[in-house]
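Student: Handing you this structure, nothing more for now.
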Amino acid sequence: MSIRVLAIINPTSGKGNIKNYIKEIRKNLEEQNMQVNIQLTKKEYNARNIVIDHIEEADLILVCGGDGTFNETISALMEMNIKDVSVAYIPMGTTNDLARSLDMPIKDISITKKLLESKAKILDVGRFNENRYFCYVAAFGVITDVAYKTSQKAKNKYGKLAYYIKAIKELIRIPTYKVRIQFDDEELEGEFIYGGITNSESIAGFKWFHREDIDLADGKFEAIFIRKPKKLSGYFRLLSDFRHKDYMVNRDFVYFKANKITVTTEKNVDWTVDGEFAGNTNIANIENCHKAIELAICEKGNE
């Protein structure tokens, strides 16, 4: 009995070049005796909608797109409580943060030749305020809106440089937020310029953790909150500690691991999940859904 594959392709990813490989993707899959249903995402018909409409016809979902497309796919599976469908992923975006944490091949269409040889990896998924999900990060504050406020045209033209240009512009004026953080049996308050709950070594193309410090299936998230330094020298120390991933020696960093976190801000703030706008709110309840999805990891394909 052949495997039914739902291939979800974002035609704007990978500088739009992915459209040139659709026939090759189909051929590679069909040569492995797979039934292939290829669906292209559109602005009004995203990956989430495609999953909802076609999940009953699929044993495996192949996502070709960026972090946003992958998030939409996983969100649909979580909403529908689908646990018996694996997801394979060809990262075609600008930063591909989750894929880099998993050492996955980037923009490598040839892995579709070896999809049957993929290895299963179980991953945690985050729930944000009950109705949103994230695969690798939920965040607020400085530079967190860089991903979704940077135009697709700029991403395709400049790649990561487009993110850096946008980030530099945002750093000129850094707002602060009065925040209360509750996790486990602890609670703390302060004024912060950034808050991030993550399951990835990389966020928005910036490496935040050493790979050995990250476990994507331990039931806990890595949480980092950054206070606004009181002096200019504090910013230089922040950058130095960030570079060395040493967050325990600087009081301007608050770093901990937890499976449930509640973040309450004095005023509504914009949140992002996996680089996409998640709403403007003053309360964020974040929970780790332990070992929620199965990801089919493929090694680098044959050229």
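The values are calculated or read from the model by the stated rules, or taken from the named source; none is laboratory data. Just so it is clear, the structure is predicted and the values come from calculations on it, not from any experiment. Positions of Cβ are generated from backbone atoms using ideal geometry, with glycine treated the same way; all protein chains shown enter the neighbour counts. Accessible surface areas use protein heavy atoms only, side chains included; no ligands, DNA or RNA. Shrake-Rupley method; radii C 1.70, N 1.55, O 1.52, S 1.80 Å.
Student: In segment 217-252, which residues are at pLDDT 85 or above, assigned to a loop (DSSP other than H, G, I, E, B) and either within 21 Å of F140 (Cα to Cα) or among the small types (G, A, S) (or both)?
Tutor: A217, G219, K220, D252
Student: Right, something else. Is it the case that segment 47-69 has a residue that's buried (at least 16 other Cβ atoms within 10 Å of the Cβ), at pLDDT below 95, hydroxyl-bearing (S, T, Y) and in contact with a Leu (Cβ under 8 Å, 6 or more places away or on another chain)?
Tutor: Checked segment 47-69: no residue is buried (at least 16 other Cβ atoms within 10 Å of the Cβ), at pLDDT below 95, hydroxyl-bearing (S, T, Y) and in contact with a Leu (Cβ under 8 Å, 6 or more places away or on another chain).
Student: When you look at N49, is it in a helix (DSSP H, G or I), closer than 21 Å to A76 by Cα and without any contact (Cβ under 8 Å) to a residue 60 or more places away in the chain, yes or no?
Tutor: Yes; evaluated as a whole, the condition is true for this residue.
Student: Tell me which residues, restricted to segment 202-216, are assigned to a loop (DSSP other than H, G, I, E, B) and among the aliphatic types (A, V, I, L, M).
Tutor: Once the filter is applied, which keeps residues that are assigned to a loop (DSSP other than H, G, I, E, B) and among the aliphatic types (A, V, I, L, M), segment 202-216 yields A204, I214, L216.
Student: Residue by residue through segment 74-118, note down the ones that are touching a helix residue (DSSP H, G or I) at 6+ places or on another chain (Cβ under 9 Å) and part of a strand (DSSP E or B).
Tutor: Matches in segment 74-118: V87, A88, Y89, I90, P91.
Student: Could you give every pair whose Cβ atoms fall below 7 Å, whose first residue belongs to segment 203-230 and is open to solvent by 30 Å² or more (accessible area, probe 1.4 Å), and whose second residue is polar (S, T, N, Q), counting only separations of at least 6 or pairs across chains?
Tutor: What qualifies is K220/N259; K220/N288; K228/T176.
Student: Another question, if that's okay. In segment 100-133, how many residues are under 15 Å from the mean Cα position of the chain (by Cα) and touching a residue at least 24 places away in the same chain (Cβ under 8 Å)?
Tutor: 12
Student: Tally time: how many residues in segment 243-264 are within 19 Å of D97 (Cα to Cα) and open to solvent by less than 50 Å² (accessible area, probe 1.4 Å)?
Tutor: 1
Student: Among A258, A278, which is in contact with a Lys or Arg (Cβ under 7 Å, 6 or more places away or on another chain), of a type outside the set (S, T, N, Q) and at pLDDT 95 or above? Lay out the reasoning, then the answer.
Tutor: Working: A278 fails: at pLDDT 95 or above.
When all the criteria are applied, what remains is A258.
Student: Does segment 256-300 hold any residues that are of a type in the set (K, R) and part of a strand (DSSP E or B), and which are they?
Tutor: If the condition is that a residue be of a type in the set (K, R) and part of a strand (DSSP E or B), then K257, K260, K267, K291 are the ones that fit.
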